[in-house]
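The values are calculated or read from the model by the stated rules, or taken from the named source; none is laboratory data. Since the model is a prediction, treat every value here as computed from it, not as a measurement. Ideal geometry is used to build each Cβ from the backbone, glycine not excepted, and the neighbour counts take in all protein chains shown.
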Amino acid sequence: MEIGISIEAENKVGVLHKLTGILSELGGNITYTQQFIKDDGKIGFIYMEVEGIKDIKELKRRMESCEYVKSFEIHSSLKKIYGKRVIIIGGGAQVAEVAKGAISEADRHNIRGERISVDTLPIVGEENLYEAVKAVSTLPRVGILVLAGSLMGGKITEAVKELKEKTGIPVISLKMFGSVPKIADLVVGDPLQAGVLAVMAIAETAKFDINKVKGRVL
């Protein structure tokens, strides 16, 4: 069973080593983690997803008794709470329309027990879009990427190629100028429909298979 844990601890050298040591001693395997500093550098916030912990009570006891820990909480993992992610990147107006379709469709599937979330990044400029697309490979739980704009090519196309080769994440492109549509898995003219199809492509409760329409322009 995979669990999520949130820890607030003193920001000192060796604290993270101490905390991960407790998890290791209890048979825990860390599958995902993120951390950041708060309160002017005095407190560190650590979120982890851990599998293999059999004695949850002992984990709670040991974490709460650690002198460096200020607060400790066990909860469901982000994967279970937020599920797969639809990432939409591009121009503000187009991103907004794609998001409308995606959110409406995600709502239908989430009511039936799915967990699909929608993330947007309205951004323009070849360099900015290039960096944004490349960074998608570092994000957790990404199910599909939608590129929404009127012109995308050059370095953006190279980033899309790299993303597909590296992760296998499918890419939907709006019908636009540039070379990105030529390498996308699916090109859709209507932004609302693009959002709907993006969700259907990753929903287990949908029958749409993006592999069967690869290379199509709708």
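Checking the structure you have, find out if any residue of the stretch 175-191 is within 17 Å of Ser117 (Cβ to Cβ), at pLDDT 95 or above and surrounded by 15 or more Cβ atoms within 10 Å (Cβ to Cβ).
Scanning the stretch 175-191, I find no residue that is within 17 Å of Ser117 (Cβ to Cβ), at pLDDT 95 or above and surrounded by 15 or more Cβ atoms within 10 Å (Cβ to Cβ), so the answer is no.
Restricting attention to the stretch 130-151, which residues are within 26 Å of Asp190 (Cβ to Cβ), among the small types (Gly, Ala, Ser) and within 11 Å of the chain's Cα centre (by Cα)?
Answer for the stretch 130-151, where residues must be within 26 Å of Asp190 (Cβ to Cβ), among the small types (Gly, Ala, Ser) and within 11 Å of the chain's Cα centre (by Cα): just Gly143.
Being within 15 Å of Ala201 (Cβ to Cβ), in the same structural domain as Ala194 (by TED's automatic domain parsing) and more than 18 Å from the chain's Cα centre (by Cα) is true for just one of Gly91, Gly101. Which residue is that?
From the options Gly91, Gly101, the qualifying one is Gly101.
Name the residue, out of Ile22, Ile111, Ile116, Ile88, that is touching a His at 6+ places or on another chain (Cβ under 8 Å) and not small (Gly, Ala, Ser).
Among Ile22, Ile111, Ile116, Ile88, only Ile116 is touching a His at 6+ places or on another chain (Cβ under 8 Å) and not small (Gly, Ala, Ser).
Got a sec? Which of Leu151, Leu197 is modelled with pLDDT of 95 or more and either surrounded by fewer than 17 Cβ atoms within 10 Å (Cβ to Cβ) or among the charged types (D, E, K, R) (or both)?
Exactly one residue qualifies, and that residue is Leu151.
What's the number of the only condition in (1) more than 30 Å from Ile169 (Cβ to Cβ); (2) of a type in the set (Gly, Ala, Ser); (3) not in a helix (DSSP H, G or I) that Ser24 fails to meet?
Of the numbered conditions (1) more than 30 Å from Ile169 (Cβ to Cβ); (2) of a type in the set (Gly, Ala, Ser); (3) not in a helix (DSSP H, G or I), the odd one out for Ser24 is (3).
Could you look through the stretch 66-101, keep only residues that are of a type in the set (A, V, I, L, M) and touching a Leu at 6+ places or on another chain (Cβ under 9 Å), and pick out the one that is surrounded by the most Cβ atoms within 10 Å (Cβ to Cβ)?
Filtering first and then ranking leaves Val98.
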